[in-house]
Amino acid sequence: MAKRLAGFIILIIALFFLFVAVLLLLNPSGKRKEICRNHGIPFGAVIAHRGASYYAPEETEPAYLLARDMGADYLEVDVQRTKDGVLVALHDDTLERTTNVASVFPGREKDPIETFTFAEVRRLDAGSWFNAKYPHKARPKFAGVKILSLEEVLRIAKGGVHKPGVYIEIKSPKRFPNIVQQLVNMLERLGWTIGGDETHTANGIVRVGTSRGRIILQSFDPDCVAEFVHFAPQIPRVYLYGSDDVETMGWKAIINTARRLSAGCGPSGYVATPFKNKNAHDARLFVHVYTINKRWQAQLISLFGADGFFTDRPDMMLEFYGRIPSDTIENILTKHGY
């Protein structure tokens, strides 16, 4: 009986290592590193989803300061537009989940962001909801934090010792005519769209500029991704999709769209299967998976071929990749007055 059990255990271990070997052969790391390098982005990217949103109110100053000073590679931000044309960092179509809009503007809590001016948006408290929902992570100074403009997020990214890139998603782009052009114009004005690390001029001088991968543009809408190609072909872009998209459109249509637009693939969680990731890598496209907050998930999906992760916990993901966060959560928040 003991011999039979030992043989069974050995078989299970052998099958496990065979499984891991097959996964590594499907999506070899050398090939994936080369693809990321060709797109101008880091391999094993740590993308702070709405900032370090596990520890601070999403898409607010403390969340982005935390992610920046921890050492995340990218600050991820959802972009929408106010009634008076200001690009702001907000995930939901409405303000009711993450602000006190119901008390400041009673009756307007279900109105979309584009019905509010930027001045109205700035009157709202975008942090107290976090304290109420997560009392064990609450901080008095989170109460009253403001919704940020995109320009403020870009300023945060440039403002520390560590200078992450910014990963921009346009939410519901069809609600905001010409928003891609407006966004690209802003990035150009602020110096974020210089292509390549080195530019060789006619007289042989090499000018070092902003890395091509400092900005990545993303959308679930393929028409929006096509606009990225038109207005900013030099900026890496990502086509996002989830399980519903795969079910509705079919995987073949999704990968063909990503290939046609030369867009990296942005699957949710376990949609990032080994063979789907292989299809992406065979098309010379990188794969960034959302939203992963547990180490064992990162380990498994990394074996599946993920080239980077969106995460609410950039400190955990940095450690997963063998990198030490630059500072502790407590020290960073205290340093910035939170």
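Here, each number is a calculation from the coordinates, and none is a lab measurement. Everything quoted here is computed from the prediction, not taken from an experiment. Cβ coordinates were reconstructed from backbone atoms using ideal geometry, including for glycine residues, and neighbour counts include every protein chain displayed.
Structure data summary
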quantity: Mean separation of Cα contacts under 8 Å, 6 or more apart, over the residue count of the chain: relative contact order %; calculated: 21 percent
quantity: Which listed pairs, of Lys276/Lys335; Lys83/Lys158; Lys31/Lys137; Lys110/Lys163, have C-alpha distances above 32 Å, in listed order; calculated: Lys276/Lys335; Lys31/Lys137; Lys110/Lys163
quantity: Antiparallel bridge percentage (DSSP; both residues within the chain; nearest 5); calculated: 25 percent
quantity: Likely footprinting exposure, Trp251, Trp192, fewest C-beta neighbours within 10 Å first; calculated: Trp251, Trp192
quantity: Which of Asp307, Asp92 has the fewest Cβ neighbours within 10 Å, and the rest in rising order; calculated: Asp92, Asp307
quantity: Peptides 214-225, 54-65 ordered by average Cβ neighbours within 10 Å, highest first; calculated: 54-65, 214-225
quantity: The range 224-240 - phi-based ³J(HN,Hα) in whole Hz, Karplus 6.51/-1.76/1.60, Gly and Pro as x; calculated: 5, 4, 5, 5, 4, 4, 5, 8, 8, x, 7, 8, x, 9, 9, 9, 8
quantity: Over the range 106-146, relative contact order from alpha-carbon pairs under 8 Å, at least 6 apart, %; calculated: 38 percent
quantity: Ascending count of other beta-carbon atoms within 10 Å, so fewest first, for Met186, Met249; calculated: Met249, Met186
quantity: Order by protection proxy (mean Cβ within 10 Å, highest first), peptides 265-274, 104-113; calculated: 265-274, 104-113
quantity: Amide H contacts of Ala45 (H built 1.01 Å from N, under 5 Å, at least 5 apart or other chain); calculated: Gly308, Phe309
quantity: Relative packing of peptides 135-148, 38-51 - highest average C-beta neighbours within 10 Å first; calculated: 38-51, 135-148
